[in-house]
Structure formats: C-alpha cells, structure tokens
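Data block below; observations after.
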Amino acid sequence: MTKIATFILTALLTAPGLFAISAQATTPDLDRAGARSFQIAEIANTPAALTSRGNDKYDTGDYQGAIADYNRALAIDANYANAYIERGNAKSGLGDTKGALADYDRGLQIDPNIPEGYYNRGITKYYSGDKQGAIADQDRAIKLKPNYAKAYIERGNAKDDLDDRQGALTDYNRGIELNPMYAKGYYDRGLNKHRAENYKGALEDYDRAIQINPKYGSAYTNRGLVKYELGDKSAVMPDYNRAIEIDPSSANAYYNRGLLKYELGNSSEAIVDMDKAALLFQKQGQMDKYQKAVGLTKKFKG
C-alpha cells in the first residue's frame with residue numbers, strides 16, 4: 001500500500017499522514033485576576049461583587065452575561081483593574097482577540113502588578129501568533145510570581161514554537177516541578193519531546209497527563225500517534241477510540257483513525273471516519289485539512 005503523505009498541524013514530520021495536536025490547539029487556560037468569591041447575600045452593586053458574579057457566569061460559559069457584569073463594575077469604577085482583566089478573558093472566550101488585548105492592556109496600565117493579567121495576555125498573544133510578545137508577558141508574570149507554574153508552561157509553548165526546544169524543555173520541567181499535578185504541563189512537554197522524536201519520553205508524558213486527567217482527549221490522540229511511531233500499532237486504535245468518545249468533535253482523531261483503518265485493510269470504515277473528519281474540519285474552518293480529508297476519501301474509494 002502506498003504511504004500517504006506525512007503531515008501534522010505544526011508541520012512536524014511524523015507518522016504517515018497523521019495529524020498530531022499542537023499545544024496551541026488546546027483551550028486557553030486563563031487565570032483569575034484575584035477577585036474573591038462572594039456569597040449570594042453579599043452580592044451588591046460594588047465593582048468587586050459584580051466582577052465576582054461575572055466570574056461565575058464566565059465559568060458556566062456565559063461570556064456575554066459575564067461581560068455585562070464586568071461592564072456594570074466598570075461603570076461604577078472605571079479604574080477597577082480586575083474587571084478589565086476578567087472582561088478580557090470573556091472576550092477571549094468569544095474570539096474577540098483585539099478586544100481582549102485592549103482590556104488586558106488597560107487593566108495592566110491601571111495596575112501593573114497583576115501576574116494573571118500578564119499571563120492571560122501572554123496566552124492571547126500566543127494564540128494570535130505573537131510568540132515573542134507571549135514570552136515577554138510570561139517573563140513579567142514569572143517576575144511578579146516566581147512560582148507561577150502555568151506561566152512557565154505557557155512560556156515553554158512559545159519557545160517551542162520558535163524552535164527553542166531546550167529553552168522550552170527547561171520551562172516545562174520547571175513548571176511541572178512547581179505543580180506536578182498539572183496535566184497540561186505533561187501534555188505540552190510531551191509535544192516538545194514528540195517534536196524532538198523522543199517518542200518514549202513523549203509517551204511517558206502523555207501517559208502522565210492521562211493519569212491525572214482521564215478525559216484529556218487530545219492526549220489520547222497524541223499518545224496513539226506516538227504508539228504508532230514506536231511500532232505498537234495494536235495499542236493505537238483504543239486511544240483514537242477513547243479520544244473520539246471524549247470529544248466527538250475531534251476531527252484529528254477521526255482522521256488518524258481513518259488512516260489507520262485504511263492501513264489495516266478496512267477501507268469501508270476508513271471512508272466513514274475520513275468523511276466525518278472532512279465534515280468536522282469544514283465546520284471548524286480548517287479548509288486545508290478538509291481538502292486533504294476529501295482527497296483521501298476519494299483515494300480510499302478508488
């Protein structure tokens with residue numbers, strides 16, 4: 001059987017045709033700016049209480065409702081820095097990168113000593129492609145909060161994307177040392193090792209991420225890819241199956257599973273998976289990957 005062209009999200013050459021999931025593809029892990037939680041009886045028209053109520057709405061995914069509360073807080077006190085930071089998080093959740101950055105900027109202008117503000121702005125810059133800006137913000141977050149484990153991990157991601165593999169690994173190691181129960185730290189370090197073709201090391205980190213968070217769908221997908229690289233093909237399919245069970249919208253998992261089924265001679269099921277991957281890629285706006293999946297479906301039918 002002809003091998004299918006190698007390609008993954010980060011342009012890393014790995015297993016034939018398989019898509020690995022980059023750290024950037026995961027949901028942003030934003031932090032609170034420090035507003036305390038209020039009991040129901042305490043809720044009043046104060047900036048702190050309104051910001052806290054907005055945070056509760058943010059936690060349920062009601063970003064618009066959260067923004068409304070942050071706006072009310074800022075109408076009372078236009079210099080309440082935490083409300084700007086939290087509103088930036090909500091805008092980020094809505095995909096309003098420009099608005100989020102403007103709010104982070106304003107909040108940090110008012111109070112330049114909020115480490116979570118730099119951390120969150122750094123993540124937003126990372127997702128917008130400004131990797132150097134992301135590093136600068138995580139530098140500042142770490143300076144203000146030296147034991148900020150997640151800031152080390154996110155700085156490592158930016159360094160890794162800039163091909164500073166060793167610098168990234170140093171940051172991942174430090175972040176994990178500070179918080180050995182942070183699943184995303186192991187996942188991101190696993191990606192670093194994966195890119196460096198340290199497959200055994202990557203497998204250990206994906207294993208640990210899954211041990212901490214058994215519902216870490218992308219870790220199952222990547223672990224399946226690493227197992228494929230190590231030649232343990234019998235163990236690959238269960239990981240792809242589990243990834244899809246956890247996240248039925250994972251186009252990469254369907255794509256990878258379709259390729260594996262095709263390689264194993266199960267063309268009919270491979271076509272079903274690749275059709276599903278194509279549909280999901282199209283819905284998610286990943287048109288290059290959509291075209292690849294469509295092309296492979298035609299090949300499988302051929």
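Values in this text are rule-based calculations from the coordinates and carry no lab data. Remember, predicted model here, so these are calculated numbers, not experimental data. Backbone-built Cβ (ideal geometry, glycine too); neighbour counts: all protein chains shown.
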Practice task
Assign unit charges at the C-beta atoms only (+1 for Lys and Arg, -1 for Asp and Glu), then state the dipole size of the chain relative to its Cα centre in Debye, rounded to the nearest 20.
Solution key: 640
Practice task
List the relative contact order of the range 206-258 as a percent without decimals, with contacts defined as Cα pairs under 8 Å and 6+ residues apart.
Solution key: 31
Problem - Long-range Cα-Cα pairs in the range 249-293 (distance over 13 Å), rounded percent - result: 44
Completion exercise
Mean-square fluctuation maximum in Gaussian network of the chain, Cα pairs under 10 Å, restricted to D137, D232, D69, hits D232
Completion exercise
Of the range 183-211, those with amide N under 17 Å from the point 7 Å along the Cα→Cβ vector of E177 are 185-186, 189
Handout entry: Span from the the range 153-171 Cα centroid across to the the range 114-151 one, whole angstrom
Key = 13
Problem - Sequence of L203, L191, L279 once ranked by neighbouring C-beta atoms within 10 Å, starting from the fewest - result: L279, L203, L191
Handout entry: Rg/Rh for the range 63-126, where both radii come from Cα atoms and Rh is the Kirkwood radius
Key = 0.94
Practice task
Could you tell me which of I271, Y186, S249 has its Cα farthest along the dipole of the range 157-302 towards the positive end, charges placed at Cβ (Lys, Arg +1; Asp, Glu -1), taken about the Cα centre?
Solution key: I271
Handout entry: Projected area, mean over directions - the range 69-200, Cα convex hull, nm²
Key = 8.2
Completion exercise
Excluding residues fewer than 8 positions from K57 in its own chain, the aspartates and glutamates with Cα under 12 Å of it are D69, E86
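Hey, which of these cross-link pairs are over 24 Å Cα-Cα: K150/K215; K159/K200; K131/K184; K125/K184; K193/K298; K98/K292?
Numbers: K150/K215 20 Å; K159/K200 22 Å; K131/K184 19 Å; K125/K184 19 Å; K193/K298 34 Å; K98/K292 31 Å.
From the list (K150/K215; K159/K200; K131/K184; K125/K184; K193/K298; K98/K292), the Cα-Cα distance tops 24 Å for K193/K298; K98/K292.
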Practice task
Once you've got the GNM for the chain with C-alpha springs shorter than 10 Å, pick whichever of D288, D273, D56 has the biggest mean-square fluctuation.
Solution key: D288
Exercise for the section: Compute the length gained on full extension between D163 and N147: take 0.36 nm times their separation in residues and subtract their Cα-Cα distance, giving the result in nm to one decimal. Expected result: 3.3 nm
Problem - Residue with peak Gaussian network fluctuation, the chain [Cα springs, cutoff 10 Å], from R72, R189, R223 - result: R72
Completion exercise
Per the 1/(1 + (r/R0)^6) rule, R0 = 51 Å and r from the Cβ atoms of N198 and N71, FRET efficiency to 0.05 is 0.60
Handout entry: Three-way shape label, the range 216-302, alpha-carbon gyration tensor, a/c 1.5
Key = oblate
Problem - Fewest-first sequence of Y63, Y254 by Cβ atoms within 10 Å of each Cβ - result: Y63, Y254
